[in-house]
Amino acid sequence: MLRGARPAATPAPSVAAMTEPLLIGAMVRTLGAYPSGWRQPGAHRDPAGDAAVLRRIAEEAEGAGLDYLFFGDWLATGPDLEFRDPYLLARIDPLSAVLHLAAVTSRIGLIATVNTTYADPYATARQLASLDLLSGGRAGVNLVTGAEPRAAGNHGRDAHADNETRYDRAEEFVTALRRLWDSWGDDAWIADAERGVLIDADALRGADLQGEHVRVTGPLNVARPPQGQIPIVHAGTSPRSRALAATEADLALIGVPDLAAAVETRSILRDLAAESGRSPDALKVIAPILPVVAETDAEARRIVERLLALVPLAEGHQRERTAFPANRTVDALADALGVAEDDTLRASAFDAPVTAAEVERLGDRGAALVERVGRIAGLVVSGTAADADRPLAWRHLVAAHAVPAAFVVGDAAAVADHVETWRDEGAADGFNVLSAYQPAQFEAFTRLAAPELRRRGLLGRAGETLRDRLGVTSYVDA
Ligand SMILES: Cc1cc2nc3c(=O)[nH]c(=O)nc-3n(C[C@H](O)[C@H](O)[C@H](O)COP(=O)(O)O)c2cc1C
């Protein structure tokens, strides 16, 4: 059987396997995962300095025992991203980033995103096999079909293909990768100097794929990668995405609003995996986590307050920017909460404190928003019994609504409690750790939260290759 191939019978998970540490990786966005992150004191804010920041994050992550570094991708840019997702505006290509980091790390996995709608499968198989060889078996790939229509114009297409077409191509793309990585047998390289035989020609086979979207002959012109089959991650949301994850992926990334949605999504994915003949345990479901962590809960809440306060709202020069998001006004908030007819609310200034009487008029959804902002940022409604030295202003409410983020706020124990609860409830097999800004917030995670996660047995898997670390064997022989 080839390296990385699925064993004939999937063993039942042992109790030890069920309590082993989770899979925990860093989802790296150098300009921070929250749109106002780059404005924080001391935050990295210049892509020209990305290389140094990337190296620092990689070293921190490896030192803390994280399983992998993960890099997303987006194949276009434009001024609208400045306010929506600043980290997408300008950044290093993910494969280039992981290749660079392969040289400054020795244990951590390196996962780069590739867009199957636009990438060439032969070139992709070759790049990943090269990364796997150069990193000693630490490569992984996140396959996405892309949600950015402007990518079409950058790749000579008239339009971004529809969901069905993109996933049809993605399925063929995976088959092509698999066949190319298997085009060299494990023992194909002989290098017998005495006999003058370099390879076993019989151990070399073609890919021979004649699909509707992908055609590739093979074999691959890179020797067999150390992992054999490089672990495949998939991230998407549509039914076709779930089917692809369930049948082909080792890791499925989910983006969910809460614990209940994660439990449901993981259960659907596991059922689909079982339906396709795999062990559900072969598919690991990874949820995002955006910890804002500090020495104390109070300090962490102050950081969130600052993040909310610095979200650009529709004021000053931003009003003239055509690309400015429409939802950054009190009006838009009132609309969204269904209380737009209340003229008094609409006239509220961003920096005016929110009063108890106003909260009354915001309705149930408004009250829930106020409660959440109080919980994550420690802000208090004026005129209530609570200590109001940190008053809630309209600015905070508009920002929290316009830029929702699943912050987990507090000290190390708060972050570990979250991870533990999600594990115990069956919501996730692991987490992608996002950081509101770099490198300070990631360092706070590795310095404060990671030791606590290790202490509780939630972090710290063993394994030389990424596949070993992930503990995955899924691979359907193409
Ligand atoms: C957690 C998560 C991370 C993702 N990361 C990326 C990414 O880096 N690049 C990308 O093009 N799509 C990414 N996607 C997928 C897109 O958001 C989008 O869902 C997909 O490309 C279109 O497929 P869908 O219609 O099946 O969702 C991600 C999705 C999730 C859930």
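Is there a residue being surrounded by 17 or more Cβ atoms within 10 Å (Cβ to Cβ), within 12 Å of the ligand (Cβ to nearest atom), in contact (Cβ under 8 Å) with a residue 60 or more places away in the chain and among the aliphatic types (A, V, I, L, M) anywhere in the range 149-161?
Pass one, the range 149-161, residues surrounded by 17 or more Cβ atoms within 10 Å (Cβ to Cβ): 151-152, 160-161.
From what is left, the residues that are within 12 Å of the ligand (Cβ to nearest atom) are 151, 160-161.
This time we only want the ones that are in contact (Cβ under 8 Å) with a residue 60 or more places away in the chain, so: 151.
Then drop every residue that is not among the aliphatic types (A, V, I, L, M), which leaves 151.
Looking for residues that are surrounded by 17 or more Cβ atoms within 10 Å (Cβ to Cβ), within 12 Å of the ligand (Cβ to nearest atom), in contact (Cβ under 8 Å) with a residue 60 or more places away in the chain and among the aliphatic types (A, V, I, L, M), one finds at least one in the range 149-161, hence yes.
Quick check on the range 88-95. Is at least one of its residues under 21 Å from Arg29 (Cβ atoms), within 13 Å of the ligand (Cβ to nearest atom) and either in contact with a Pro (Cβ under 6 Å, 6 or more places away or on another chain) or touching a residue at least 24 places away in the same chain (Cβ under 8 Å) (or both)? Please lay out each step first, then the result.
Step one: of the range 88-95, the residues under 21 Å from Arg29 (Cβ atoms) are 88-95.
Next cut, within 13 Å of the ligand (Cβ to nearest atom) only: 88, 91, 93-95.
Retained after the next criterion (residues that are either in contact with a Pro (Cβ under 6 Å, 6 or more places away or on another chain) or touching a residue at least 24 places away in the same chain (Cβ under 8 Å) (or both)): 91, 95.
So far as the range 88-95 goes, yes, one or more of its residues are under 21 Å from Arg29 (Cβ atoms), within 13 Å of the ligand (Cβ to nearest atom) and either in contact with a Pro (Cβ under 6 Å, 6 or more places away or on another chain) or touching a residue at least 24 places away in the same chain (Cβ under 8 Å) (or both).
Take the residues of the range 1-46 that are in a helix (DSSP H, G or I) and at pLDDT 95 or above: which is nearest to the chain's Cα centre (by Cα)?
So the residue we want is Gly37.
Per-residue answers, yes or no, for (1) surrounded by fewer than 16 Cβ atoms within 10 Å (Cβ to Cβ); (2) not in a strand (DSSP E or B):
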site: Leu54; (1), (2): no, yes
site: Glu59; (1), (2): yes, yes
site: Gly63; (1), (2): yes, yes
site: Leu66; (1), (2): no, yes
site: Leu69; (1), (2): no, no
| Which one is surrounded by the fewest Cβ atoms within 10 Å (Cβ to Cβ), of the residues in the range 350-364 that are in a helix (DSSP H, G or I), over 37 Å from the mean Cα position of the chain (by Cα) and not aliphatic (A, V, I, L, M)? | Glu360
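In this structure, is Tyr122 modelled with pLDDT of 95 or more, within 16 Å of the ligand (Cβ to nearest atom) and more than 19 Å from Ala249 (Cβ to Cβ)?
On the way: modelled with pLDDT of 95 or more: yes; within 16 Å of the ligand (Cβ to nearest atom): no; more than 19 Å from Ala249 (Cβ to Cβ): yes.
No, not satisfied.
Residues of the range 187-217 being of a type in the set (S, T, N, Q) and not in a strand (DSSP E or B), which ones? Steps first, please.
As a first pass, look at the range 187-217 and keep what is of a type in the set (S, T, N, Q): 210, 217.
Correct list: Thr217 only.
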| remark: Counting only residues in the range 104-119 that are of a type in the set (Gly, Ala, Ser) and away from the ligand (no atom under 16 Å from the Cβ), the one surrounded by the most Cβ atoms within 10 Å (Cβ to Cβ) is identified as Gly109
| field | All positions within the range 71-87 that are of a type in the set (D, E, K, R), within 14 Å of the ligand (Cβ to nearest atom) and assigned to a loop (DSSP other than H, G, I, E, B) | value | Asp73, Asp85
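I'm trying to understand the selection: among the residues of the range 184-196, which are closer than 16 Å to Arg224 by Cα and surrounded by fewer than 24 Cβ atoms within 10 Å (Cβ to Cβ)? Give the steps one after another, and end with the answer.
Here is the first cut: in the range 184-196, the ones closer than 16 Å to Arg224 by Cα are 184-191.
Passing the criteria: Gly185, Asp186, Asp187, Ala188, Trp189, Ile190, Ala191.
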| note | Of Val174, Val141, the only residue that is in contact (Cβ under 8 Å) with a residue 40 or more places away in the chain, in the same structural domain as Gln40 (by TED's automatic domain parsing), buried (at least 22 other Cβ atoms within 10 Å of the Cβ) and in a helix (DSSP H, G or I) is Val174
| request: All but one of (1) touching a residue at least 12 places away in the same chain (Cβ under 8 Å); (2) out of contact with any strand residue (DSSP E or B) (no Cβ under 9 Å at 6 or more places or on another chain); (3) of a type in the set (A, V, I, L, M) hold for Val380, so report the exception by its number. | output: (2)
| query | How about the range 420-443: which of its residues are away from the ligand (no atom under 16 Å from the Cβ), over 15 Å from Ala406 (Cβ atoms) and buried (at least 24 other Cβ atoms within 10 Å of the Cβ)? | reply | Tyr437, Gln438, Phe442
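Do you know which of the residues in the range 235-246 that are near the ligand (Cβ under 9 Å from one of its atoms) and outside any loop (DSSP other than H, G, I, E, B) is nearest to Leu272 (Cα to Cα)?
Applying the first criterion (near the ligand (Cβ under 9 Å from one of its atoms)) to the range 235-246 yields 235-242, 244.
The next check asks that each one be outside any loop (DSSP other than H, G, I, E, B); those that pass are 235, 239-242, 244.
Values: Ala235: 15, Pro239: 11, Arg240: 11, Ser241: 11, Arg242: 8, Leu244: 10 Å.
This residue is Arg242.
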| query | What number goes with the only condition from (1) within 16 Å of the ligand (Cβ to nearest atom); (2) modelled with pLDDT of 95 or more that Ile199 does not pass? | reply | (1)
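The values are calculated or read from the model by the stated rules, or taken from the named source; none is laboratory data. The shown structure was predicted, so the numbers you read here are calculated from the model rather than taken from an experiment. Because the Cβ atoms are built from the backbone with ideal geometry, glycine has one as well, and the counts that use them run over all protein chains shown.
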